[in-house]
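The values are calculated or read from the model by the stated rules, or taken from the named source; none is laboratory data. From a predicted model like this one, the values you see are computed outputs, not experimental measurements. Every residue, glycine among them, receives a Cβ derived from its backbone with ideal geometry; neighbour counts consider all protein chains shown.
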Amino acid sequence: MEDHIVALLTDFAKYSTEYPIVAAGIGMWALGVGTYLIKTLPIRLWRLVIKHATTTLTIASSHISYHEFLQWYEENNYSHNSRSIKISNGRYGYDHMIKAMGYGTHYFFFGWTPVRLTLVQKEVQASERERDEVMMTVVGRSHKTFDKIFADIKQKKEIKTDKVTVMKFKDDWIRESDQRKRNLDSVCLNDGVRDTIVDFVDSFRLREDFNLQHGINHQTAIMLYGPPGTGKTSVIKAIASHYDLKIYNMSPAAIGNIGNAFASLPENSLVVIEDIDSNKSLFARPGSKTLDKSVRQNDSDLMEELMLGGFTSISDVLNAIDGVSVSHGRILLATTNHIESLDPALLRTGRFDLKVEIGYADNFALTQFLERFFPGKSLPNGYQIKDNICSADIQKAAIDNLDDSNKFLVQFRKSRKLVKGSPQLTSAACRTLEPALLG
């Protein structure tokens, strides 16, 4: 080996004597390569060590966890020494602003573990929202520090149990508001309605292991139908509160995007589509037995629109509800004032497994209103509520007559003197009839 090296150097010496310019060029090249290696090799080696000795977690601002992390970081005072800060209200539109770390690199200790944070602003198109990324780096290959951080975030979130988060779909699911929870018992429903809904949801949640074992999509849907003002929206809020679920609210006008909306849902989500019948593309198709006569005879524009597939194809809606892309644990809760107008294919079992009428109030519902607004009062013997009274009307009457339960009750009693369709009683009429009705 040494002989070969000596021979190579001897040949190079002779070559350099005969061709000094070429030899000088080779020497300069060798010097440049050597200088570059001396300069960059330590950096490359350092980067290689860092790559294999650390672990990095990236959180994109398009995820709700991004804002939750920033809020946690601020609430724990990790940012109080930061030289670079920014104001954020989160990708999902929280209703309050928070001071957060700014762009660049930051360091903090989680317990005894040093953590490096880097906030990077990503390039966006003119029409796009701001997009950031947080990169969290720790020494070692273990993920335990990340798991502990997000367990702490989750624990602090669960402490705040007095609100229901409402998400709204536009191009993506965005946070719309936080609403006060509503107790299920505070919704005054007709006899058996509350139990029917709760028993159904409880049974569905208990079937999770069975569905997984048998390859059944773990999702379901409930249709609440009935006249306006009977309490359908109140039921939705109470269900979300009772089971501690976020409400993913989708407007009927956005149903054309239902495939994308449902595909991006997290697990165990409560999706709400109120007044689903206001999207005409879901009406019963021509030839359907349930198509309203009024639609058959008077709404030629609607018929033409349905024939042309206006708004969105009903097959897109049906596939989104029970197709291939199904969010595990999803509960779809829809409401309608005109269930008879909807296409039968939409309402079949497997798409909507439970259909519950939230109808006009009965004596059972009225008794609940009495217990809430007039503690200790009860319905008189033989009292029978009038037909076609909405819960919203009863609640307003209760609030208007908090000082007089008799005046409240007389407005809703069915009587021979109060026939269906008669004008609303005046205060004088109430006082006249009160002794006869209530004794």
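Picking from Ile389, Ile394, Ile399, which residue would you name as being outside the structural domain of Ser186 (by TED's automatic domain parsing), in a loop (DSSP other than H, G, I, E, B) and closer than 22 Å to Ala238 by Cα?
Working: Ile394 fails: in a loop (DSSP other than H, G, I, E, B); Ile399 fails: in a loop (DSSP other than H, G, I, E, B).
Matching residue, one of Ile389, Ile394, Ile399: Ile389.
Does Ser269 qualify as being under 15 Å from Gln179 (Cα atoms), crowded, with 16+ Cβ neighbours inside 10 Å and small (Gly, Ala, Ser)? Step through it out loud before you land on a result.
Details: under 15 Å from Gln179 (Cα atoms): no; crowded, with 16+ Cβ neighbours inside 10 Å: yes; small (Gly, Ala, Ser): yes.
Against the criterion (under 15 Å from Gln179 (Cα atoms), crowded, with 16+ Cβ neighbours inside 10 Å and small (Gly, Ala, Ser)), Ser269 does not qualify.
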(message) Can you tell me which residue is nearest to Glu68 (Cα to Cα) among those in region 145-166 that are at pLDDT below 80 and of a type in the set (Val, Ile, Thr)?
(response) Ile159
(request) Determine which member of the set Ser127, Ser142 is modelled with pLDDT under 80, in the same structural domain as Tyr66 (by TED's automatic domain parsing) and either among the small types (Gly, Ala, Ser) or surrounded by 13 or more Cβ atoms within 10 Å (Cβ to Cβ) (or both). (result) Ser127
(request) Find all pairs meeting these conditions: Cβ atoms under 7 angstrom apart; at least six residues apart or on different chains; first residue within region 224-252 and free of Cβ contacts under 8 Å to residues at least 60 places away in the same chain and farther than 28 Å from Lys280 by Cβ; second residue part of a loop (DSSP other than H, G, I, E, B) and of a type in the set (D, E, K, R). (result) Ala238/Arg182
(message) Only one of Met307, Met303 is modelled with pLDDT under 80, surrounded by fewer than 16 Cβ atoms within 10 Å (Cβ to Cβ) and among the aliphatic types (A, V, I, L, M). Can you tell me which?
(response) Met307
(message) Can you tell me how many residues within region 65-97 are crowded, with 17+ Cβ neighbours inside 10 Å, touching a Ser or Thr at 6+ places or on another chain (Cβ under 8 Å) and at pLDDT 70 or above?
(response) 3
(request) Considering only residues that are of a type in the set (S, T, N, Q) and in a loop (DSSP other than H, G, I, E, B), look in region 170-221 and name the one that is nearest to Asn257 (Cα to Cα). (result) Asn217
(request) Could you please let me know if Ile321 is farther than 30 Å from Asn183 by Cα, aliphatic (A, V, I, L, M) and modelled with pLDDT under 80? (result) no
(request) Answer yes or no: is there a residue in region 359-371 that is at pLDDT 90 or above, in contact with a Phe, Trp or Tyr (Cβ under 6 Å, 6 or more places away or on another chain) and not in a loop (DSSP other than H, G, I, E, B). (result) no
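Does Tyr107 count as under 25 Å from Lys156 (Cβ atoms), in a helix (DSSP H, G or I) and at pLDDT 70 or above? Walk me through it before giving the result.
Working: under 25 Å from Lys156 (Cβ atoms): yes; in a helix (DSSP H, G or I): no; at pLDDT 70 or above: yes.
No: the conditions fail for Tyr107.
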